[in-house]
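One structure below.
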Amino acid sequence: MCRLIFASVLVLCCASAASAVNFQRTIVAISKTTDWGQNIFLRGGAGADDIRIRHEVKTRYPEGFFAQTSRGDNYLGWGGAEETQGRYNHYIDAEGTPMMHSTNDHSFDHFNSSLLGLVGESLWLADLYMDCDQTNNGWFDFKGYMVDLRPGVYGEGWEHYIYATTCNVDGEVVDVPDRGNHHAKCGYFNLGIWNNGRCWATKLDYPTMLFRSAWTESEF
């Protein structure tokens with residue numbers, strides 16, 4: 001009886017391992033100076049296909065814009081809100097995967113004290129677990145989509161056509177296809193500049209969410 005139970009558990013464990021999703025911590029950052037009320041969403045995918053994601057970052061604003069719109073956001077895709085995705089204040093739809101504002105400017109009452117804050121004074125970032133098996137050999141495309149929450153003021157919407165033919169990956173310049181989007185690698189820290197084709201990707205040394213308690217969010 002004990003052998004039968006052990007064998008059943010072993011089969012179950014092997015089946016679970018075989019079907020496990022290959023989630024890896026992946027960070028996408030867009031350098032963009034913004035004003036109060038402006039928010040940036042991440043859109044993208046592997047070609048036209050969505051990619052499974054998980055949000056696990058906690059913020060100090062549990063009812064803030066990021067926290068509300070990241071609930072029920074299960075895929076990185078090229079469209080707007082998912083059916084399951086939360087709304088800001090119950091009526092403002094998300095326009096993709098929400099990004100969080102980060103800055104190394106300590107004159108703000110909010111700033112990111114982790115290594116990403118060293119990159120620049122105005123970064124919008126998505127710190128996710130991503131299913132790398134749903135990417136194109138580890139690669140995916142992305143763009144930012146900006147909205148403005150101030151009454152009567154409209155955000156820029158999509159980034160322009162992004163002309164990019166190379167990406168700096170761990171210090172090595174590699175060729176990438178020019179598809180009009182930013183390029184990024186699953187399991188990496190990826191940095192892009194708004195409306196600019198320059199591309200950087202650095203392998204994350206720590207694949208787990210070691211920095212999740214370090215993030216702070218702008219209360220736009």
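The values are calculated or read from the model by the stated rules, or taken from the named source; none is laboratory data. Since we're looking at a predicted model, the values are computed, not measured. When we count neighbours, we look across all protein chains shown, and the Cβ atoms used for this are built from the backbone with ideal geometry, even at glycine.
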* Asked: Mind checking which residues of region 165-186 are within 15 Å of the chain's Cα centre (by Cα) and at pLDDT below 95?
  -> none
* Search region 146-164 for residues being among the hydroxyl-bearing types (Ser, Thr, Tyr) and modelled with pLDDT of 95 or more, and hand back the single one that is surrounded by the fewest Cβ atoms within 10 Å (Cβ to Cβ). => Tyr163
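So, in region 133-147, exactly how many residues are more than 13 Å from the chain's Cα centre (by Cα) and in contact (Cβ under 8 Å) with a residue 12 or more places away in the chain? Give the steps one after another, and end with the answer.
Narrowing region 133-147 to residues more than 13 Å from the chain's Cα centre (by Cα): 133-139, 146-147.
Those left that are additionally in contact (Cβ under 8 Å) with a residue 12 or more places away in the chain: 133-136, 138-139, 146-147.
Residues in region 133-147 being more than 13 Å from the chain's Cα centre (by Cα) and in contact (Cβ under 8 Å) with a residue 12 or more places away in the chain: 8 in total.
Just a yes or no: is a residue in region 92-99 surrounded by 15 or more Cβ atoms within 10 Å (Cβ to Cβ), at positive phi, touching a strand residue (DSSP E or B) at 6+ places or on another chain (Cβ under 6 Å) and modelled with pLDDT of 90 or more?
Looking only at region 92-99, we keep the residues that are surrounded by 15 or more Cβ atoms within 10 Å (Cβ to Cβ), and these are 92, 94-99.
Remaining after also requiring at positive phi: 96.
With touching a strand residue (DSSP E or B) at 6+ places or on another chain (Cβ under 6 Å) added as a condition, the list becomes 96.
Checking which are modelled with pLDDT of 90 or more leaves us with 96.
Taking every residue of region 92-99 in turn, at least one turns out to be surrounded by 15 or more Cβ atoms within 10 Å (Cβ to Cβ), at positive phi, touching a strand residue (DSSP E or B) at 6+ places or on another chain (Cβ under 6 Å) and modelled with pLDDT of 90 or more.
Ala201: over 16 Å from the mean Cα position of the chain (by Cα) and modelled with pLDDT of 90 or more, yes or no? So that I can check it myself, show each step before the final result.
On the way: over 16 Å from the mean Cα position of the chain (by Cα): no; modelled with pLDDT of 90 or more: yes.
In short, no.
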* Inspect all residues belonging to region 1-16 and state whether any of them is assigned to a loop (DSSP other than H, G, I, E, B) and at pLDDT below 90. => yes
* Structure fact -> If we keep only residues of region 145-183 that are assigned to a loop (DSSP other than H, G, I, E, B) and of a type in the set (A, V, I, L, M, F, W, C), then the residue nearest to Gln38 (Cα to Cα) is Leu149
* Hey, can you tell me all the residues within region 184-194 that are in contact with a helix residue (DSSP H, G or I) (Cβ under 9 Å, 6 or more places away or on another chain) and outside any strand (DSSP E or B)? => Cys186, Gly187
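For region 58-91, how many residues meet the condition of being among the hydrophobic types (A, V, I, L, M, F, W, C), over 11 Å from the mean Cα position of the chain (by Cα) and either crowded, with 20+ Cβ neighbours inside 10 Å or within 16 Å of Thr26 (Cα to Cα) (or both)? First the steps, then the outcome.
Pass one, region 58-91, residues among the hydrophobic types (A, V, I, L, M, F, W, C): 65-67, 76, 78, 81.
Applying the additional criterion that residues be over 11 Å from the mean Cα position of the chain (by Cα) yields 65-67, 78, 81.
Next, from what is left, pick out any that are either crowded, with 20+ Cβ neighbours inside 10 Å or within 16 Å of Thr26 (Cα to Cα) (or both): 65-67.
Going through region 58-91 one residue at a time, the tally reaches 3.
Any idea which residue in region 100-129 is surrounded by the fewest Cβ atoms within 10 Å (Cβ to Cβ), counting only those that are of a type in the set (Gly, Ala, Ser) and modelled with pLDDT under 60? Before the answer, list the steps.
First, the residues of region 100-129 that are of a type in the set (Gly, Ala, Ser): 102, 107, 113-114, 117, 120, 122, 126.
Applying the additional criterion that residues be modelled with pLDDT under 60 yields 107, 113-114, 117, 120.
Details: Ser107: 7, Ser113: 15, Ser114: 16, Gly117: 20, Gly120: 17.
Of everything passing the filter in region 100-129, Ser107 is surrounded by the fewest Cβ atoms within 10 Å (Cβ to Cβ).
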* Would you mind stating whether Asn74 is farther than 16 Å from Lys143 by Cα and at pLDDT below 90? => no
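Report yes if Tyr163 is of a type in the set (Phe, Trp, Tyr), free of Cβ contacts under 8 Å to residues at least 60 places away in the same chain and out of contact with any Gly (no Cβ under 9 Å at 6 or more places or on another chain), otherwise no. Talk me through it step by step, then tell me what you get.
Values: of a type in the set (Phe, Trp, Tyr): yes; free of Cβ contacts under 8 Å to residues at least 60 places away in the same chain: yes; out of contact with any Gly (no Cβ under 9 Å at 6 or more places or on another chain): no.
No, not satisfied.
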* To do: Return yes when Phe211 is in contact with a helix residue (DSSP H, G or I) (Cβ under 7 Å, 6 or more places away or on another chain) and modelled with pLDDT under 95 and no when it is not.
  => no
* Structure fact -> Across region 170-204, the tally of residues that are surrounded by fewer than 19 Cβ atoms within 10 Å (Cβ to Cβ), closer than 16 Å to Ile30 by Cβ and among the charged types (D, E, K, R) stands at 1
